[in-house]
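Chemist: Please read through the structure below; I'll follow up with questions.
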Amino acid sequence: MSKAYIALGSNIAPRRFFIDSAAKKIAQEEEIALKRRSSIYDTYPIGGLSQGRFLNSVVEVETSLKPRELLVKLLQIERSLSRRRTGRNKPRTIDLDILLYDNLAVRGNGIAIPHPRMHKRDFVMFGMNEISPTAIHPILKKSVGDIYSERQMKVIRSPKEAYNYICALKRKGKRIGFVPMMGYLHKGHLSLIKKARCENDIVVISIFVNPTQFGPREDYRRYPRDFRRDKTLAKKAGADIIFYPEVKSMYASDHSTYVNVEEISETLCGRSRPAHFRGVATIVTKLFNIIPADNAYFGQKDAQQAFVIERMVGDLNIPVKIKMLPIVREKAGLAMSSRNAYLTKKERSEASVLFRSLLLARDLIKRTERKASNIIKCMKDLIRKNSSARIEYVSIVDTVELKNIKTLKGKVLIAVAARFGKTRLIDNIIVNIKER
Ligand code: AMP
């Protein structure tokens, strides 16, 4: 039996159907056993072609077929799924490519293994890296994981250099995805980078602990920092460029311009952190000017921040699309956060009560409770009973103005903030209430 990896791609609807059907047909072949499947992920056609986005996936198979026989079978499956070979780089219902076949290296007579461009193409390396980072590329003599993470990653420290570099890429028609962060990366941050990787040609991240968003008695100085570790993790997740400026290059000694997004910055976290969102809006505006991105990615973990930024880019006509992605949690439900590093063991185990209180809220809503004050009381009781946390707020607000609501309807944000020891944690869920 030989081991082979096959790339699947589709950019004609229904794309998922074509990917799933092709995988099923591969598995049904007598001489092929499907061993592993990567996730199915969304990608843009390479080289700025103006055609629909792809869904891609990679499968690992064991087969008694020789490479050419396997290729013939894959061509048959393509045809059975209405693939017409009308020329290079045309939209396709399904594309099936052999990436690797054992450690074979052959080229000629219509067959090329390993796939000659696989190591340069994120849309296959992403899936390969998911299911088999230890597989070896027989020509490059490197593991898939190494090839994937060694893709050139540039660290730029100067704002001017970053701007010029990104503008040059944009002139070449590259779509830029941007993930602004403070660093000390965890899986929540990496989920944003991975999403940006799927949706853009170039992924830029910034690592900058922004002094202006910390209050005078907050944790700016002790905020956890580890650039080397961040660089390795970001690279593995698919970042191409890190913008890593020094404080003095972002804030001159005479800096005196700030961006203030009124009202929605003043509720929830804005109450106890009065200058926080002014600092966030200012730094994000500066970053958007330095990194003129097409898409920017933020986590729902800081939902108010994402709403503030969304309002700001609308108000100021900043040409970037804001995307808010779901919260990544630890097993016990605690939302991942760089600040979790401050927690003692006891605090950490207690802290998952925040998520449990949100689940309780969701449950009460399911059981038709609509009065915000009743839900908030139950949540506070649960937190108090199960932890020594000091609650800062438990609020239910609308998702436009972020103002407290009395009776729940439509889309609502349920948000909590509490201190465990010295560490302030926040969490939230968004619930869409559909009345019958
Ligand atoms: P920070 O480094 O804390 O400024 O976070 C950078 C970005 O990562 C922000 O958009 C956060 O909302 C997002 N983020 C932080 N934690 C999580 C998480 N647990 N899940 C998803 N996104 C997150």
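Chemist: Pairing the Cα long axis of helix 276-290 with the longest principal axis of the chain, what angle in degrees results, from 0 to 90 and rounded to the nearest 10?
Modeler: With rounding to tens, the tilt is 30 degrees.
Chemist: Let me ask something additional. What angle do you read, to the nearest 10 degrees and between 0 and 90, between the alpha-carbon axis of helix 227-237 and the longest principal axis of the chain?
Modeler: 50
Chemist: What list of whole percents do you get for P(r) of the stretch 252-306, with Cα-Cα distances grouped in 5 Å bins up to the one holding the largest distance?
Modeler: The calculated distribution, bin by bin, is 4, 17, 24, 25, 17, 10, 2.
Chemist: If we count every other residue with Cβ under 15 angstrom of GLN300's Cβ, Lys/Arg +1 and Asp/Glu -1, where does the sum land?
Modeler: Details: positive: LYS187, LYS195, LYS301, LYS323, ARG329, ARG362, LYS411; negative: ASP302, GLU310, ASP427.
Taking every other residue near GLN300 into account, the sum is +4.
Chemist: For the stretch 36-137, what mean projected area does the convex hull of the alpha carbons give, in nm²?
Modeler: Working: hull surface 27.5 nm².
Quarter of the Cα hull surface area: 6.9 nm².
Chemist: Right, another one. Could you tell me which of the pairs LYS160/LYS323; LYS3/LYS25; LYS331/LYS406; LYS142/LYS323; LYS172/LYS248 are separated by over 23 angstrom between their Cα atoms in the structure shown?
Modeler: Values: LYS160/LYS323 26 Å; LYS3/LYS25 18 Å; LYS331/LYS406 33 Å; LYS142/LYS323 35 Å; LYS172/LYS248 31 Å.
The answer is LYS160/LYS323; LYS331/LYS406; LYS142/LYS323; LYS172/LYS248.
Chemist: To one decimal place, what orientation-averaged projected area in nm² is obtained for the convex hull of the Cα set of the stretch 277-336? Write down the numbers at each step before the final one.
Modeler: Details: hull surface 17.0 nm².
Mean projected area for the stretch 277-336: 4.3 nm², to one decimal.
Chemist: While we're looking at this one, here's another question. Can you give the calculated 222 nm mean residue ellipticity of the chain, where each DSSP H run of n ≥ 4 adds -39,500 (n - 2.57) and the sum is split over every residue, rounded to the nearest 500 deg cm²/dmol?
Modeler: On the way: 14 runs with 154 residues, N = 436.
Theoretical 222 nm ellipticity from helices: -10500 deg cm²/dmol.
Chemist: Would you compute, for the Cα atoms of the stretch 1-43, the largest minus smallest coordinate along each principal axis and list the three values in descending order, in whole Å?
Modeler: 34, 17, 12
Chemist: Give the residue list of GluC sites (Glu not before Pro) in the stretch 166-248 that are DSSP loop and have at most 16 other beta-carbon atoms within 10 angstrom.
Modeler: On the way: sites: GLU199, GLU218, GLU246; in loops: GLU218, GLU246.
Of the GluC sites (Glu not before Pro), the ones in loops of the stretch 166-248 whose Cβ has at most 16 other Cβ atoms within 10 Å are GLU218, GLU246.
Chemist: Please work out the Cα center distance from the stretch 215-267 to the stretch 74-109, rounded to the nearest Å.
Modeler: 45
Chemist: Can you put CYS378, CYS167, CYS269, CYS198 in order, fewest other beta carbons within 10 Å first?
Modeler: Numbers: CYS378 17, CYS167 12, CYS269 25, CYS198 21.
So the residues, fewest neighbours to most, are CYS167, CYS378, CYS198, CYS269.
Chemist: Could you give the semi-axes, largest first, of the ellipsoid that matches the stretch 107-166, computed as the square roots of 5 times the alpha carbon gyration tensor eigenvalues and rounded to whole Å? Mind showing how you got there, number by number?
Modeler: Details: eigenvalues 179, 42, 19 Å².
For the stretch 107-166, the ellipsoid semi-axes come out as 30, 14, 10 Å.
Chemist: Right, another one. Taking every eigenvalue of the Cα gyration tensor of the chain, multiplying by 5 and rooting it, what semi-axes result, largest first, whole Å? Before the final figure, lay out each step's value.
Modeler: Working: eigenvalues 379, 143, 85 Å².
Semi-axes (√(5λ), whole Å): 44, 27, 21.
Chemist: Continuing with the same structure: Please give the net charge around LEU334, taking every other residue with its beta carbon less than 9 angstrom from that of LEU334, where Lys and Arg add +1 and Asp and Glu add -1.
Modeler: Details: positive: ARG329, LYS331, ARG348; negative: GLU330, ASP427.
Every neighbour counted, the sum reads +1.
Chemist: Using Cα-Cα distances under 8 Å and only pairs 6 or more residues apart, what relative contact order does the chain have, in percent? Working shown, then result.
Modeler: Working: 796 pairs, mean separation 49.1, N = 436.
Dividing the mean separation by the residue count of the chain yields 11 percent.
Chemist: Between the stretch 271-336 and the stretch 138-184, what's the alpha-carbon centroid distance in Å?
Modeler: About 21 Å separates the Cα centre of the stretch 271-336 from the one of the stretch 138-184.
Chemist: Using the Kirkwood radius over Cα pairs, work out the Stokes-Einstein diffusion coefficient for the stretch 146-249 at 37 °C and 0.692 mPa s, in µm²/s as a whole number. Display every interim value, and only then the final one.
Modeler: Numbers: Rh = 14.4 Å.
In µm²/s, the coefficient rounds to 229.
Chemist: Something else now. Taking Cα atoms, how many degrees apart are the long axis of helix 187-199 and the longest axis of the chain, rounded to 10 and kept between 0 and 90?
Modeler: That works out to roughly 50 degrees.
Chemist: Given the Cα atoms of the stretch 182-223, and with Rh set as the inverse mean 1/r over their pairs in the Kirkwood sense, what is Rg to Rh to two decimals?
Modeler: Values: Rg = 13.4 Å, Rh = 12.1 Å.
Radius of gyration over Kirkwood radius for the stretch 182-223 works out to 1.11.
Chemist: How big is D for the stretch 254-372, in µm² s⁻¹ as a whole number, if Stokes-Einstein is applied with the Kirkwood radius of its Cα pairs at 20 °C and 1.002 mPa s? Mind dumping the intermediate values first?
Modeler: Values: Rh = 16.6 Å.
Rounded to a whole number, D works out at 129 µm²/s.
Chemist: Oh, and also: Around LYS170, with a cut-off of 14 angstrom between Cβ atoms, what is the net charge of the other residues, counting Lys and Arg +1 and Asp and Glu -1?
Modeler: Details: positive: ARG171, LYS172, LYS174, ARG175; negative: ASP201, ASP240, ASP294.
So the environment of LYS170 carries a net charge of +1.
Chemist: What per residue convex hull volume, in Å³, comes out for the stretch 86-235 when only alpha-carbon positions are used?
Modeler: Values: hull volume 24.0 nm³, N = 150.
Convex hull of Cα atoms, per residue: 160 Å³.
Only the coordinates and a few stated rules stand behind these numbers; no lab work does. Here the structure is a predicted model, which is why all the values come from computation and not from measurement. Note that each Cβ is placed from the backbone with ideal geometry, even for glycine, and that neighbours are counted across all protein chains shown.
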